[in-house]
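Report on the following structure.
Only the coordinates and a few stated rules stand behind these numbers; no lab work does. Because the structure is predicted, anything quoted here is derived from the model rather than measured. A quick note on method: Cβ atoms are made from the backbone with ideal geometry, for glycine too, and the neighbour counts reach across all protein chains shown.
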Amino acid sequence: MNTVPKPKFSVSARYLGPVFTLDGELTKSNQNLVFARNGIGKSFLSRAFRYLDLYGQQEDVSGAALNLVSDESTDGSGSFAFSRGTTAMGTLDLQKAGDAVTATVNDTIFHVFSEDFVQEELRERKYELDGEIENQIAVDSENIKLDDAKKTLEEARAKASEAYNTLDDKFTAAKESELHEKAGINKQLREYKALSLEKLLETFQEKPEAPKQSLTDIIRDLDSLKAIPAEPAYPRQIEPIATNDVDLDALAASLERPTSPSSVSEAIKKKIDAHHGFYEEGAKIIRDEHRTVCPFCEQGITDPDPKAVIDAYIEYFEDEEEKHKAELRDFFRKLRQKEAQLDPTATQLARQKSRYDALKRHVPSKKDTEVSDGADALKSVREAIAAVKSVIEQKASALGTAAALPAENLSACIAAINKVIGENNEKAEALNSAVEKADEERKILQRKACAVFEREFAIGNWPDIENLRRFHADVVLKQNALGELEKASPSAQARDRVAETFELLLKEFFADKYVFDKTKFVLKRGEQEMVRGPHRTLSDGEKTAISFCYFIACTHKKVATGSDYKKLFLVFDDPITSMSYDFVFAIAQTLKNLNISDQGEISINPGKIDGKKCWRPELLLLTHSSYFFNISLTNRVVDDNAAFALHTDGKSHSLARLNKYIAPFQEQLMDIHEVANGKDPDHRTANSVRSVLEAIGRFCRPDKSDSLTDFVKHLAGEEDMTLKSVLINSLCHGTYYDETPPPDDLVLACRETLVVVERYAVGQLELIKKAARA
């Protein structure tokens, strides 16, 4: 599809300062660059643009005729027009008589950076920025997109809110019913108060596993705790069975030791064994008290027959056999006593177990524990005692034969029952303590109930939770979409946009050295306000750079709607003064990368430029600095064919395409060549002569050019080139004129300088002549 080519820009002027007539054509490119030497009229052209700027802002332009119209205008009139093709973008018709001004601006917003802008906006305010910016910028169609995005977001939020509230109500009701009413949990319990749907959603990102103990089981346990009797029957402690009352090592030795039988008749032994205690006590009384009568029947015992019997009894009890048997009888007695202890122990164990089992049912943490009745262990002890008793009886009947303890280890069996008793006692004590501390166990169960309730609610309502999460994700998606739209749609407040753009550019130029407080609308040095004021703190170069940044930021003050950004036309009249190389390059790069989006966002990111949604603004650069011109051309601030030079022959001005670097030497040599060939010299001519001669000397004969004087002497002495010009001889001696030298001497100096150039810099004049013809 063919598109109509853009027409070219053109500028025309009549009697604006030194510009008597100008009909110049620029390119159709949106960015053009014009170089003009000092005094040729560039500033008057930029001032004309400035009046179009002021007129577009509905400010006073009544002084335009007085400030712009040339004194040479015969009728005191002047004019200016800037057009694209046949369409005038802005015009000025000026009449000195009555200072009449007729201005028109057609569908264009001029924004002009010049000395007048810096003076009025910054210098007069001592570089304290005007934050009184009240205009708002309508965002046109983007408002519809934003409104639609906001509406969509609100609908998504409403759905999410409705789903959340429904589930939250269900959660709250279940919490009240299950935990407070059924489980009896106090609402002030920290875990109960912490339960919320929001926390549940954070805790369970995936569907949880079922708990090991259900909430129903926990509630049942809590009910059990409530059923603890007011005066419970606690299981009591049981004393362990003694282990030191039977010396088994001594018994083993007694069993192993053989003893010879007594000489007392067997009949007496049998009687004694049948009633051992009776006979032993009687014999002891008779022996110890030397009685002559029986201690029981009180009959005389001195007669030979009874005495012989009684002596036999006494003899027996003093014999080793009886002593050994007595020893065995003592062991036997102790074992019977040990045996007798087992019955009450068994009873105590059974009662302990019964009470334990009855009470543990009320204590959930103990309900799965068991205590033993010790039956097996007691049986083992009884069997072991019986076996030892049997061995003792066998030994007593055969003292002469060695015997040994039975295989049943009585000590191990007693230790086993004592272990059961000890374990039972520990469990009984723990149960008793748990019952006494039932409130603590109740709280543990209640805390557990809260956690289990949360988990079971999540499991039972997982489809609703997933649905709610989908709603939330949709809200986030639409929130992000709105955020992107809002990012792409700067604030409707012009003040905010000015501040944001100014802050962006300051950071590009100064990093963090100078920052802008957007709230106070104050320029700061780092984080500190400038106590002496910016006008006394900033260097001249910094002031220029800050003025440049602020000018671009003030673009937002010129527009009323988003579509107005397309109407902007920026004019820069020498945006560099008193600047270091870094600032000049930074300004050139900024002008190259400067772009505006269809939402009015100003950026210097070249990656955003697409020519549709984001474009480079239309602009015209006017400069007298060859250095800035070269930097701009080299860095493609404008297209190669969009660079021009403003020329004059003294009567009319013209624009000539200039697509090569401008060297100061060539610029000055051009001036000298024109004066030597008939152009009237001006205030620049003397300086051009000196600069060219110094350059020739230093580059062509550096050995003879420590000074201009030395080079002139070399020319006269070795080259036979005597320079007659008074101007040249005065310059080489360091003399400066208070007044402009006579024209004839200036012309002579120019002609003699051309001779030196022809001698030492062959080809330079040919380039100059070619440029002059062009």
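Quick notes on this one:
- Cβ-derived FRET efficiency at R0 60 Å, residue 115 paired with residue 719, nearest 0.05: 0.85
- Taken along the Cα-to-beta-carbon direction at a fixed 7 Å, the label points for residue 603 and residue 123 span 3.6 nm.
- Label-point separation, residue 699 to residue 517 (7 Å along Cα→Cβ), nm: 5.2 nm
- Label point at residue 245 placed 7 Å out along Cα→Cβ; residues across segment 403-442 whose backbone nitrogen lies under 18 Å: 410-419, 421-422
- Exposure proxy shown here: for 624, 653, 180, 683, the number of other Cβ atoms within 10 Å sets the order, fewest to most, as 683, 180, 624, 653.
- Ellipticity at 222 nm from helices only: DSSP H runs of n ≥ 4 in the chain, each -39500 (n - 2.57), divided by the residue count, give -17000 deg cm²/dmol.
- Unsatisfied cross-links (Cα-Cα over 22 Å) in the set 567/613; 8/42; 150/558: 150/558
- Taking amide H atoms as placed 1.01 Å from N in the peptide plane, the amide H of residue 493 lies under 5 Å from those of 137, each 5 or more residues away in sequence or on another chain.
- Separation of the residue 770 and residue 470 label points, Cα + 7 Å toward Cβ, nm: 7.6 nm
- Mean separation of Cα contacts under 8 Å, 6 or more apart, over the residue count of the chain: relative contact order %: 19 percent
- Nonlocal Lys pairs with alpha-carbon distance under 25 Å, segment 412-536 (8 or more apart, or different chains): 13
- Difference of contour (0.36 nm per residue) and Cα-Cα distance, residue 755 to residue 493: 87.9 nm
- Pair-distance distribution of segment 18-137: all C-alpha pairs, bin width 5 Å, starting at 0; shares per bin in whole percent are 2, 9, 17, 22, 20, 15, 9, 4, 1, 0.
- Taking only the alpha carbons of segment 116-244, we obtain Rg and Dmax values of 33.9, 119 Å in that order.
- Close Lys pairs in segment 663-773, defined as Cα atoms under 29 Å apart and 8 or more places apart or on different chains, number 10.
- Mean separation of Cα contacts under 8 Å, 6 or more apart, over the residue count of segment 663-773: relative contact order %: 33 percent
- Taking 684, 497 and counting other C-beta atoms within 10 Å, the order from fewest to most: 684, 497
- Taking 0.36 nm per residue of separation and subtracting the current Cα-Cα distance, fully stretching the chain between residue 226 and residue 201 would add 5.6 nm.
- Cut-off 19 Å, label 7 Å out along Cα→Cβ of residue 412, residues of segment 347-383 by amide N: 375-383
- Size descriptor, Kirkwood hydrodynamic radius, that averages inverse alpha-carbon separations across the chain, Å: 39.4 Å
- Relative to the current alpha-carbon distance between residue 508 and residue 169, full extension at 0.36 nm per residue lengthens the span by 116.6 nm.
- Angle between the chain longest axis and helix 685-700 axis [Cα atoms, degrees, rounded to 10]: 60 degrees
- Helix 462-488 vs. the chain, principal-axis angle (Cα, 0 to 90°, nearest 10): 20 degrees
- Proximal aspartates and glutamates relative to residue 651, as straight alpha-carbon distance under 13 Å, when same-chain residues fewer than 8 apart are discounted: 23, 72, 680
- Ellipsoid equivalent to segment 445-548 - semi-axes via the Cα gyration tensor, in Å: 55, 20, 10
- Positive dipole terminus of the chain, leading residue within 375, 753, 471 (C-beta point charges): 753
- The orientation-averaged projected area of the convex hull spanned by the Cα atoms of segment 663-773 comes to 6.5 nm².
- For the chain, the dipole from Cβ point charges (+1 on Lys and Arg, -1 on Asp and Glu) about the Cα centre works out to 1660 debye, to the nearest 20.
- Our coupling estimate for segment 398-409, obtained by passing each phi through the Karplus curve with A = 6.51, B = -1.76, C = 1.60 and θ = phi - 60°, is 8, 5, x, 9, 5, 10, 9, 4, x, 5, 5, 8 Hz, Gly and Pro reported as x.
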